[in-house]
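K.L.:
Here it is, the structure, as structure tokens.
The values are calculated or read from the model by the stated rules, or taken from the named source; none is laboratory data. Just so you know, these numbers come straight off a predicted model, no measurement behind them. Backbone-built Cβ (ideal geometry, glycine too); neighbour counts: all protein chains shown. Note: areas computed on protein heavy atoms with side chains; ligands, DNA, RNA excluded. Shrake-Rupley method; radii C 1.70, N 1.55, O 1.52, S 1.80 Å.
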Amino acid sequence: MTSVRTTCAYCGVGCGISATPTGPRSADIKGDEAHPANAGRLCSKGTHLGETVGLTGRLLHPMIGNRRASWDKALDLVARKFRETIDRHGPDSVAFYVSGQLMTEDYYVANKLMKGFIGSANIDTNSRLCMSSAVAGHNRAFGEDVVPASYDDLDEADLIVLVGSNTAWCHPIVYQRIQAARAARGTKLVVIDPRRTESCEGADLHLPVKPGTDVALMNGLLAWVAAEGATDPAFLADHVSAPEDFWDHVRDGHDLWTTAKTCDIAPALLEQFYKLFAATPRTVTLFSQGINQSIRGTDQVNAIINVHLATGRIGKPGAAPFSITGQPNAMGGREVGGLASSLAAHMDFAPENVERVGRFWAAPAMATKPGLKAVDLFRAINEGRIKALWIMATNPAVSMPDAGRVREALEAIPFLVVSDIMADTDSSTHAHVRLPAAGWGEKDGTVTNSDRTISRQRPFLPLPEEAKPDWWIVKEVARRMGWRSAFAYDRPADIWREHARLTAYRNDGERLLNLRSHATIGNDAYDAMEPFRWGGTPFADGRFPTPDGKARLVLTRQMEVQEPLRDWPMTLNTGRYRDQWHTMSRTGLSPKLARHREEPQVEIHPKDAEALGIVDRDLARVQTAQGNSIFRVSLSEGQRPGEIFTPIHWTDRMSSGGRTGLLPRPLVDPHSGQPGFKSTPASVEKVATEWSGFLILRGDEPAKLPCLWSTRITVPGGALYEIAGNGDPARLDAFLPKGDRVEAMDASRGTRRVATIGEGRLNGVLFVTRTGLLPSRDWLIGQLQAEGVGGSVLAARGPGSQPEKGATVCVCFDIGLNQIVAAIREQDLVDVAAIGKALGAGTNCGSCRPALANILTRTSQETLHAAE
Ligand SMILES: Nc1nc2c(c(=O)[nH]1)N[C@H]1C(S)=C(S)[C@@H](COP(=O)(O)OP(=O)(O)OC[C@H]3O[C@@H](n4cnc5c(=O)[nH]c(N)nc54)[C@H](O)[C@@H]3O)O[C@H]1N2
Ligand SMILES: Nc1nc2c(c(=O)[nH]1)N[C@H]1C(S)=C(S)[C@@H](COP(=O)(O)OP(=O)(O)OC[C@H]3O[C@@H](n4cnc5c(=O)[nH]c(N)nc54)[C@H](O)[C@@H]3O)O[C@H]1N2
Ligand code: SF4
Ligand SMILES: [Mo]
């Protein structure tokens, strides 16, 4: 079969992929060597995309309630309900909640329908939770939402500063590029993050700042460069405007000592960073959620941009403030105007823009003001003001702050439509209508990555059953609402051309986003489109898209950071794991990716744990004013005392307990409306259960287990559940699939081992203990694939069983922690390359190389201690 060039389904790096179908629902995945974002490399998630293109769990037919319906019936119902709601309660009584995982073409059609035809701007996107502070910051500083950087700048920088970005895990190919620059030209790397993440492994300096103090840190830096004469007076005079009292404000109270105190780091460390920054013109400051997801997000973004403007480090090779995007098409969504706060094609709601876009669309009902931003939108549902909602490609019941309230909104709303690729998500359980969307590998369109490179996503698998592309679904509803000719699209290229024409429409250079050359592109040329970056090198001529052509310094003040409260002594930080993507609907299908972190953990400093009577691997309850969840404890010196971290990925479908979304408070940044996910007052307590254990089940149907805590991961041939609870664990026997039953009880040790076997194949096995001692799961998991299995399976090990591999570090070659430590000790390995030679680990996708570096350091320290 021939291979198809497409773009990765996951992050905003936007790696090119070459996919070769190997069967009706399988494909061989390789990096596309011709793609500028990755030049053939892929991280662990991209590498294992092939494991996720099966049909497990897919939604394959339109559903009205729990009944299968024809497309005609389902689309008619959606159109009729939206029409009736608008007629009765006005256009602002309906809303769309969409996603940076839609194609630009899907996004364009949804935005046009809401803002030009329904006549409301109540279309917001999960990018509100992700990028909106960067958007607001860009608009304030540059007059347009333009990311003034490209990946090439990383190759040409002498200093790269990561602020609030765990690039090693979340943008691994960019991180590899940074490491390549370090090797090639000695680029220095500084990480500013309260946690010591794996991104710090390959860094020169880590500043473990107190959360929420980045404004102070950046203002202190600005004061430092000003005092040292390291600003660029000519650039400032010609190309930058500032509020009158700006420099007085900067000089006031931003000395090194005060700043170090505010940020809670050593002055010497801060000085080291400031000196390095002041002395290095080619600096890229790369930032993501540690900056954006804050109630101070927009000011934090502007505080970073201020420093770059003041030093003239923008629009030049190797020098830029770089907001790196999360989702594969976060940028495309911003380009079409999919946020409630923008209109279309980088235009806001200024009357002349409303008139211009209205004329272009021949719109019957233009929205004239911004719509509700995500948090307000769900609040409006709770309050009964929004009565019909259509969710596309996002899972707000998990990913919104205070997700418990969001669930109530989804339960209460009179009419809910969910377009998704999966049959059951935490959000779609509440839907009146579920619409089966085309997924990655089937869909066809364009995406824009972090550095404005637009690439094609191309299909290489047929649409399964009745699934349809999102653009098709939306335009069919629009046509049924009466707007037939305005939504007469036959293919994504039709929409792309219209979007390109709008970016160029009456645009004499006021807007940098201008895709004029694509306005008349033919269908074949669209199909063959090579990745291209729009906008060239923005601001290279020192001109900015503001009325006076100058960039703007924005006065930012460090807001006070709340001190710990009596009931909530801890601060909860939330974020991502290397090998999982958001609510796991796709990565959760991959047995390999599951092994990096098998359970949702709460990371806590050993001192805090000790004070709370908690030890490593205990279960602990994290409580906030919004709700509580249970996590496996992981002691970590990389946490600052008083601060804990939990992952965002686990849902009700993958766990009971373990859901982070319930916990964050719904407080938002005043300019962007982005929630402050990274900082919520919390408390932690140990959870003691009478027993713990695990369950391995053949098949892929998720089971809802009646125990206090459980989490599920996919394994080859089935699923592994880690479980803990109180009362009689015998009730779990009912979840074992049918078969001959073998069991072994040991009352004195409080263990219970039960397996069911059919025709020599293991169907399921349950191990429970009251002592906490359990055998390795690996061998038992392997038995799902074995034949001739008998009662001896309960011994949980076969003849000649291998020693335990330990937690998987390298997913590509399935190498565990214990194997790596043993090899380092026995073979005296001294660097990551030597580990690669010995075990293969780290030599394929490279995502685990920071982890290998960390294991090397720890192992050699332990060996030293042992020798002393
Ligand atoms: N593996 C994986 N990769 C992903 C994703 C995924 O789900 N999984 N999702 C993608 C998406 S949509 C996004 S948005 C990106 C997110 O990518 P990142 O922003 O890199 O990821 P996060 O883990 O959310 O948070 C980054 C860091 O911010 C730090 N932080 C918290 N508070 C502060 C603070 O006050 N100041 C500073 N300086 N730092 C702070 C956290 O400790 C954390 O290490 O990742 C993308 N890539
Ligand atoms: N506490 C906390 N919460 C957070 C964050 C955090 O750091 N901390 N980060 C926030 C950020 S940055 C983000 S981006 C969000 C992400 O949060 P979500 O957007 O809610 O997460 P996903 O799991 O990516 O949801 C995508 C959904 O779309 C479906 N899907 C996939 N492809 C398609 C398609 O082509 N069409 C359709 N119709 N459906 C599709 C998937 O099955 C899945 O159900 O989470 C936010 N929430
Ligand atoms: S870095 Fe990884 S997840 Fe991101 S686009 Fe590239 S392969 Fe995909
Ligand atoms: Mo995101």
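K.L.:
Of all the strands (runs of 3 or more DSSP E) wholly in region 1-111, which have at least 3 residues that are within 30 Å of MET366 (Cα to Cα) and under 21 Å from the mean Cα position of the chain (by Cα)? Steps first, please.
P.N.:
On the way: elements: 4-7, 16-23, 26-31, 94-98.
Those strands (runs of 3 or more DSSP E) span 94-98.
K.L.:
Let me ask you something else. Please work out which residue is farthest from ARG456 (Cα to Cα), limiting yourself to region 504-533 and to residues that are hydrophobic (A, V, I, L, M, F, W, C) and open to solvent by less than 10 Å² (accessible area, probe 1.4 Å). Don't jump to the end; show me each part of the working.
P.N.:
Looking only at region 504-533, we keep the residues that are hydrophobic (A, V, I, L, M, F, W, C), and these are 504, 512-513, 515, 519, 521, 525, 528-529, 532.
This time we only want the ones that are open to solvent by less than 10 Å² (accessible area, probe 1.4 Å), so: 513, 515.
Details: LEU513: 18, LEU515: 15 Å.
Selected residue: LEU513.
K.L.:
So, MET103, is that one within 16 Å of ligand 3 (Cβ to nearest atom), surrounded by 24 or more Cβ atoms within 10 Å (Cβ to Cβ) and outside the structural domain of ILE295 (by TED's automatic domain parsing) or not? If you could, list the steps in order and put the result at the bottom.
P.N.:
Numbers: within 16 Å of ligand 3 (Cβ to nearest atom): yes; surrounded by 24 or more Cβ atoms within 10 Å (Cβ to Cβ): yes; outside the structural domain of ILE295 (by TED's automatic domain parsing): yes.
The answer is yes for MET103.
K.L.:
Follow-up. With the requirement that a residue be over 13 Å from THR587 (Cα atoms) and within 16 Å of ligand 2 (Cβ to nearest atom), what does region 30-58 give you?
P.N.:
Correct list: LEU55, ARG58.
K.L.:
Here is a further query. Only one residue in SER683, SER656, SER679, SER692 is open to solvent by 10 Å² or more (accessible area, probe 1.4 Å), at pLDDT below 90 and either within 30 Å of PRO370 (Cβ to Cβ) or of a type in the set (Ser, Thr, Tyr) (or both), so which one is that? First the steps, then the outcome.
P.N.:
On the way: SER683 fails: at pLDDT below 90; SER679 fails: at pLDDT below 90; SER692 fails: at pLDDT below 90.
That would be SER656, the only listed residue that is open to solvent by 10 Å² or more (accessible area, probe 1.4 Å), at pLDDT below 90 and either within 30 Å of PRO370 (Cβ to Cβ) or of a type in the set (Ser, Thr, Tyr) (or both).
K.L.:
Here is a follow-up. For region 804-839, how many residues are part of a helix (DSSP H, G or I), of a type outside the set (Val, Ile, Thr) and over 31 Å from the mean Cα position of the chain (by Cα)? Walk me through how you get there before you give the answer.
P.N.:
Initially, region 804-839 is screened for residues part of a helix (DSSP H, G or I), giving 817-827, 832-839.
If we keep only those that are of a type outside the set (Val, Ile, Thr) too, we end up with 817-819, 822-823, 825-827, 833-834, 836-839.
Now drop any that are not over 31 Å from the mean Cα position of the chain (by Cα), which leaves 822-823, 825-827, 834, 837-838.
Summing the residues that are part of a helix (DSSP H, G or I), of a type outside the set (Val, Ile, Thr) and over 31 Å from the mean Cα position of the chain (by Cα) in region 804-839 gives 8.
K.L.:
Pairs please, first residue from region 525-547 and of a type in the set (D, E, K, R), second anywhere and surrounded by fewer than 19 Cβ atoms within 10 Å (Cβ to Cβ), Cβ atoms under 6 Å, 6+ apart in sequence or on different chains.
P.N.:
Listed pairs, sorted by first residue: ARG543/GLY549.
K.L.:
Could you say whether any residue in region 368-375 is more than 30 Å from LEU189 (Cβ to Cβ), within 16 Å of ligand 4 (Cβ to nearest atom) and open to solvent by less than 30 Å² (accessible area, probe 1.4 Å)? Can you show your working first?
P.N.:
Taking region 368-375 as the starting set, the residues that turn out to be more than 30 Å from LEU189 (Cβ to Cβ) are 368-375.
If we keep only those that are within 16 Å of ligand 4 (Cβ to nearest atom) too, we end up with 373-375.
Remaining after also requiring open to solvent by less than 30 Å² (accessible area, probe 1.4 Å): 374-375.
Yes - at least one qualifying residue is present in region 368-375.
K.L.:
For region 276-297, does any single residue satisfy the condition of being open to solvent by less than 10 Å² (accessible area, probe 1.4 Å), closer than 16 Å to ILE192 by Cβ, away from ligand 2 (no atom under 16 Å from the Cβ) and part of a helix (DSSP H, G or I)?
P.N.:
Scanning region 276-297, I find at least one residue that is open to solvent by less than 10 Å² (accessible area, probe 1.4 Å), closer than 16 Å to ILE192 by Cβ, away from ligand 2 (no atom under 16 Å from the Cβ) and part of a helix (DSSP H, G or I), so the answer is yes.
K.L.:
Is it the case that region 76-96 has a residue that's surrounded by fewer than 20 Cβ atoms within 10 Å (Cβ to Cβ), of a type in the set (A, V, I, L, M), in contact (Cβ under 8 Å) with a residue 40 or more places away in the chain and within 28 Å of ALA438 (Cα to Cα)?
P.N.:
yes
K.L.:
I want to confirm something. Restricting to region 118-142 and keeping residues that are open to solvent by 10 Å² or more (accessible area, probe 1.4 Å) and more than 18 Å from LEU372 (Cβ to Cβ), which single residue is farthest from ligand 4 (Cβ to nearest atom)?
P.N.:
Of everything passing the filter in region 118-142, ARG140 is farthest from ligand 4 (Cβ to nearest atom).
K.L.:
Let me ask something else. Answer yes if at least one residue in region 10-30 is under 18 Å from THR714 (Cβ atoms) and within 16 Å of ligand 1 (Cβ to nearest atom), and no otherwise.
P.N.:
yes
K.L.:
With the structure loaded, tell me whether GLU466 is acidic (Asp, Glu) and over 16 Å from VAL78 (Cβ atoms) or whether it fails that test. Let's see the steps before the verdict.
P.N.:
Details: acidic (Asp, Glu): yes; over 16 Å from VAL78 (Cβ atoms): no.
Judged against the criteria, GLU466 is not a match.
K.L.:
Sticking with this structure for a sec: Could you pull out every one of the helices (runs of 4 or more DSSP H) wholly within region 174-271 that has 3 or more residues that are touching a strand residue (DSSP E or B) at 6+ places or on another chain (Cβ under 7 Å) and open to solvent by less than 10 Å² (accessible area, probe 1.4 Å)?
P.N.:
On the way: elements: 214-227, 233-239, 246-251, 256-263.
Hits in region 174-271: none.
K.L.:
THR571 - would you say it is open to solvent by less than 30 Å² (accessible area, probe 1.4 Å), polar (S, T, N, Q) and within 26 Å of the chain's Cα centre (by Cα)? Step through it out loud before you land on a result.
P.N.:
Values: open to solvent by less than 30 Å² (accessible area, probe 1.4 Å): no; polar (S, T, N, Q): yes; within 26 Å of the chain's Cα centre (by Cα): yes.
No.
K.L.:
Could you look through region 548-581, keep only residues that are among the polar types (S, T, N, Q) and under 22 Å from ALA620 (Cβ atoms), and pick out the one that is nearest to ligand 3 (Cβ to nearest atom)? Can you show your working first?
P.N.:
Filtering region 548-581 for residues among the polar types (S, T, N, Q) gives 556, 558, 562, 571, 573-574, 580.
Then keep just the ones that are under 22 Å from ALA620 (Cβ atoms); that gives 571, 573-574, 580.
Working: THR571: 29, ASN573: 22, THR574: 20, GLN580: 11 Å.
Here the answer is GLN580.
K.L.:
While we're here: Only one residue in VAL398, VAL357 is more than 18 Å from the chain's Cα centre (by Cα), modelled with pLDDT of 95 or more and in a helix (DSSP H, G or I). Which one?
P.N.:
Step by step, each of VAL398, VAL357 is checked, and only VAL357 is more than 18 Å from the chain's Cα centre (by Cα), modelled with pLDDT of 95 or more and in a helix (DSSP H, G or I).
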